[in-house]
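Visitor: Just dropping this structure here.
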Amino acid sequence: MTHREAGEVTPPPATALPAVDPQTLSIVQDRVTDWFRAHARSLPWREPGATAWSILVCEVMSQQTPISRVLPRWRAWMATWPTPADLAEAPASQVLLAWDSLGYPRRALRLQETAAALVERHDGEVPDDEEALLALPGVGAYTAAAVTSFAHGRRTAVLDVNVRRVLGRVFAGVQHRPAALTTRERRWAADLVPDAHHVEWNAAAMELGALVCTAASPACDTCPLQDTCAWLAAGRPVDPAVKRRGQAWAGTDRQLRGAIMKALRAGHPSPPIPLRLLTAPTAQLTADESALLADVDEPVRRAITAVRELDAGGERTARLAQDLVDDGLAVLEGARLRLP
């Protein structure tokens, strides 16, 4: 297909939600689901025997985390805690160890709180009602919709960033949607969900956004919607009002928090790590502390050293260690830090 060069036209506002012609919508739905049947990744939570619990775990793990990192952790998690009751009874330290480096470890504890709520309120079963799901700890609108659709086959709009990007480009001609999802956009997207094959449509639109219609490098030449996409037809206009900012990592509190958690995981279940080994400048370590640092196991020493290199003065580490305690991710015993 021929299309104008990018930037040649003024893009529509990112909030545009145009009416969609039924014939065009039907063509898009058919092409996206046909593409999905041919190109979908083989993922265990998509298998016919996948439980609602396994799908809920997948959806929580996949938030802001690539599937390639989720898959091995999900497999290990489900092998260890195949039901909500199993997870509800687990020690918090084991839950955090199993979460490992997936990031945002508070999600792990919230998932355990969800498991306990499922046992207490729903006899250990994952409800099929979005309102009941939304009442669970840590379950938001996206997760509730995803579980309702993928686990229970209900017709609802599942709107992650990938689906919103596909719908916005194909039907509204916008490069990116605003960060905030409005009620108006949710209703608009709900009208685009087919009556039949709605579960497959949700999965297919999400997969197309993840693999083809990506944020930074969309593969329009291989897209099944290349001759029906409003954004491509307009020359892929860039909307200057929508600033795409990658999440910084180096030098951030998130990076340092992750390093502290890695040190605590590496040290578990050995005695708690003296906080000064994480915070005190090298010149201020006592002879005993230096000897202790030299004597710990190599993985623990590497992890502690990584924390010290990220924060030579130790002030941020001390503050973030207390934040981890406040978040329930660590326990401070006297002057020593450990997993809960």
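Visitor: Just order 154-162, 13-21 by mean Cβ neighbour count inside 10 Å, highest at the front, would you?
Guide: On the way: 154-162: 19.7, 13-21: 13.8.
Highest mean packing first, the order is 154-162, 13-21.
Visitor: Between region 183-209 and region 236-306, what is the separation of their alpha carbon centroids in Å?
Guide: With region 183-209 and region 236-306 each reduced to a Cα centre, they are spaced 41 Å.
Visitor: For a label point 7 Å from the Cα of Asp191 along Cα→C-beta, name the residues of region 142-174 whose backbone N is under 15 Å from it.
Guide: Flagged as within label range: 157, 168, 171-172.
Visitor: Which ³J(HN,Hα) values, rounded to whole Hz and listed in residue order, are derived for region 218-229 from phi using the Karplus coefficients 6.51, -1.76 and 1.60 in 6.51 cos²θ - 1.76 cosθ + 1.60 with θ = phi - 60°, glycine and proline given as x?
Guide: Each residue of region 218-229 in turn: x, 8, 4, 5, 10, 7, x, 10, 4, 9, 10, 8 Hz.
Visitor: Can you tell me how region 156-211 classifies by the Cα gyration tensor, rounded, prolate or oblate, using a/c under 1.5 as the rounded cut?
Guide: Numbers: a/c = 1.76, a/b = 1.23, b/c = 1.42.
Oblate shape, in that a/c is at least 1.5 and b/c is the bigger or equal ratio.
Visitor: How long is the gain from Ser217 to Val331 if the chain were fully straight, where each residue apart is worth 0.36 nm and the alpha carbon distance is subtracted? Could the numbers behind the result be given before it?
Guide: On the way: separation 114, 0.36 × 114 = 41.04 nm, distance 4.33 nm.
Result: 36.7 nm gained on full extension.
Visitor: Compute the Cα gyration tensor for region 53-168, then decide on rounded, prolate or oblate, letting a ≥ b ≥ c be the square roots of its eigenvalues: rounded whenever a/c is under 1.5, prolate when a/b is larger than b/c in the other cases, and oblate in all that remain.
Guide: Numbers: a/c = 1.99, a/b = 1.21, b/c = 1.64.
Oblate, since a/c reaches 1.5 and b/c is not below a/b.
Visitor: Arrange the peptides 300-309, 209-218 so that the one whose residues have, on average, the most other Cβ atoms within 10 Å appears first.
Guide: Order by mean packing, descending: 300-309, 209-218.
Visitor: With a ≥ b ≥ c taken as the square roots of the eigenvalues of the C-alpha gyration tensor of region 8-49, please select rounded if a/c is under 1.5 and otherwise prolate if a/b is larger than b/c or oblate if it is not?
Guide: Values: a/c = 2.79, a/b = 2.07, b/c = 1.35.
Note, shape of region 8-49 comes out prolate.
Every number here is computed from the coordinates shown, using simple stated rules; none is lab data. This one's a predicted model, so the numbers in the text were calculated from it and none came from an experiment. Every residue, glycine among them, receives a Cβ derived from its backbone with ideal geometry; neighbour counts consider all protein chains shown.
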